[in-house]
1. For segment A:121-147, which positions are more than 25 Å from B:Val161 (Cα to Cα) and more than 10 Å from chain B (Cβ to nearest Cβ)?
2. When you go through B:Thr47, B:Thr23 one by one, which is the residue that is out of contact with any Leu (no Cβ under 9 Å at 6 or more places or on another chain), more than 28 Å from B:Ala111 (Cα to Cα) and exposed (fewer than 13 other Cβ atoms within 10 Å of the Cβ)?
3. Within segment A:154-163, how many residues turn out to be surrounded by fewer than 23 Cβ atoms within 10 Å (Cβ to Cβ) and either away from every other protein chain (no Cβ under 11 Å) or farther than 22 Å from B:Ile198 by Cβ (or both)?
4. Confirm whether B:Ile66 is of a type in the set (A, V, I, L, M) and part of a strand (DSSP E or B).
5. Listed residues A:Val112, A:Val31; which is under 17 Å from A:Ala139 (Cβ atoms), out of contact with any Pro (no Cβ under 9 Å at 6 or more places or on another chain) and crowded, with 16+ Cβ neighbours inside 10 Å?
6. Any idea which of (1) buried (at least 17 other Cβ atoms within 10 Å of the Cβ); (2) over 30 Å from B:Gln12 (Cα atoms) is the one B:Cys56 doesn't satisfy?
7. Can we say B:Tyr151 is under 26 Å from B:Ile173 (Cβ atoms), crowded, with 21+ Cβ neighbours inside 10 Å and of a type outside the set (S, T, N, Q)?
8. So, of the residues in segment A:187-212 that are of a type in the set (Gly, Ala, Ser) and over 15 Å from A:Arg171 (Cβ atoms), which turns out to be modelled with the lowest pLDDT?
Number of protein chains: 2
Amino acid sequence: MILLDGKKVSNQIKDEIAQEVATIKERGEKVPHLAAVLVGNDGASLTYVGSKVRSCKKIGFDSTLIHLPEETTEATLLKQVEDLNNNPEIDGYIVQLPLPKHIDEQKVLLAVHPDKDVDGFHPTNFGRMALDMESFIPATPFGIMELLKRYKVETSGKHTVVIGRSHIVGRPISILMSQKGEAGNATVTLTHSRTKDIKALPLQADIIVSALGVPGFLTADMVKKDVVVIDVGITRVPDETKEKGYYITGDVDFEGLSEKASFMTPVPGGVGPMTIAMLLKNTLLARARHQGKQD
Amino acid sequence: MILLDGKKVSNQIKDEIAQEVATIKERGEKVPHLAAVLVGNDGASLTYVGSKVRSCKKIGFDSTLIHLPEETTEATLLKQVEDLNNNPEIDGYIVQLPLPKHIDEQKVLLAVHPDKDVDGFHPTNFGRMALDMESFIPATPFGIMELLKRYKVETSGKHTVVIGRSHIVGRPISILMSQKGEAGNATVTLTHSRTKDIKALPLQADIIVSALGVPGFLTADMVKKDVVVIDVGITRVPDETKEKGYYITGDVDFEGLSEKASFMTPVPGGVGPMTIAMLLKNTLLARARHQGKQD
């Protein structure tokens, strides 16, 4: 079994981006600038946003963290979003989810200008992606595609079973892998909570993308020999023996499957680290596209 | 076998819309207005557009046909599109495809304002559809969903195999049928030209949507008992014995499957007539949304 080492590949990608930033600086041009908007003090959100900002610093991006209090009104947040849309210094930005309950999440995401929407959550970007046009691909499915490409995993004509139909993972990866192009051309089945006998289809699959969030869901008896397994499930399991009070685990019985799979992502260290790398990649793309429009 | 009678259902839908138009007129309000832009004199396009305009008249819509010569420049067409975007009389419009080769089709479709894009081809509408938001659903998949609903075909948990990944049929119907809601919640497999053994998956399917355009492709040995078959293939086969010089046929060996299927669309008279009905439905929706925004 070959490990799809997201940690290693994400570091390679960050190195590649850092080199591009160095070249941009040498030419005396504006470096990419990512902003993040965080409302409130959710623990996981603080961790994610902090990690994104640190990654920006490491590779030479400018970054801005806009941390607003929990009680921020929807109107204030929408004004902030508008300011970011109009600020030529900012190439791309994200609004960290979840937002406090008194704010309409969809309304805020719709207000993000598609050209700065490096999370790829705006319907215009989602539609452009689904119609195979230039867009910002949401970071997690973008990371999965990149892992498949770098490890040269054959996908053309292969039966891929995606487990989970979320808008940020299951739906977009099912679209991307069935499109033409590298890491594409797969025959994709999208399974979900209403699928009858959810265990039957993975047994036929050449490639499985599991984004269910149920620890240990995918076991060795549910897959065929030489399957490729992408584990997108990230669940925090409480554990008092750990320093943080929990450990991270995926949807896949890693040990059980490691004898049977041909390629497999670990959790942690698989899809997770790829997500931040691809957000940075999208920001680099956003800068290039804005510069292109100005030229 | 129960015939999914698109001709009958489309007439019902048109009657329902005509009643709504009558009510709108009684209230002295503006009736829905659909415009169609046709460039050149392609025979099939002339037929389609003519049929759309006639349908508008029948149900009481206002309609405008803008017929431009073959040699129309891209700039002139884009100006026409802009005028339609800005014309408050027009609720929705379509640009009939294909366009002459000297015009960039994608550029024109991107210029159509999403609020008037009753064909649902603009990425903003496509993305909104894929993210389960209010949108204009492309007429053919919209028609398929409506047929399934009116005949109360059970789709939840059913394995649906879609054959063909086009942007106007295969891709959107694979998204719609796997979403939550009526005629949704199916487990959907999208197959295409790169699928290995394209005959194996239909054999597992509870529902098959064939949008391949290969006459007689789907034969009785490729399906299981009680399958539901939606035939989207419309091929003109030359035939000198026919008045028009051709006959219309679908992807499905209708006679062979009629003993085995539980529900089946005929060709012609199945999905085809539904397409025009759903375009009219989208125009009615466009009017209601524009009125809503003005209130």
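1. Of everything in segment A:121-147, those that are more than 25 Å from B:Val161 (Cα to Cα) and more than 10 Å from chain B (Cβ to nearest Cβ) turn out to be A:Glu134, A:Phe136, A:Ile137, A:Pro138, A:Ala139, A:Thr140, A:Phe142, A:Gly143, A:Glu146, A:Leu147.
2. On the way: B:Thr47 fails: more than 28 Å from B:Ala111 (Cα to Cα).
Answer to the selection: B:Thr23.
3. Number of matching residues: 1.
4. Spelling it out, B:Ile66 is indeed of a type in the set (A, V, I, L, M) and part of a strand (DSSP E or B).
5. Within the list A:Val112, A:Val31, the selection yields A:Val112.
6. (2)
7. It is false that B:Tyr151 is under 26 Å from B:Ile173 (Cβ atoms), crowded, with 21+ Cβ neighbours inside 10 Å and of a type outside the set (S, T, N, Q).
8. Restricting attention to segment A:187-212, the residues satisfying the condition of being of a type in the set (Gly, Ala, Ser) are A:193, A:200, A:205, A:210-211.
Those left that are additionally over 15 Å from A:Arg171 (Cβ atoms): A:200, A:205.
On the way: A:Ala200: 92, A:Ala205: 98.
For segment A:187-212, the residue satisfying everything is A:Ala200.
The values are calculated or read from the model by the stated rules, or taken from the named source; none is laboratory data. From a predicted model like this one, the values you see are computed outputs, not experimental measurements. Positions of Cβ are generated from backbone atoms using ideal geometry, with glycine treated the same way; all protein chains shown enter the neighbour counts.
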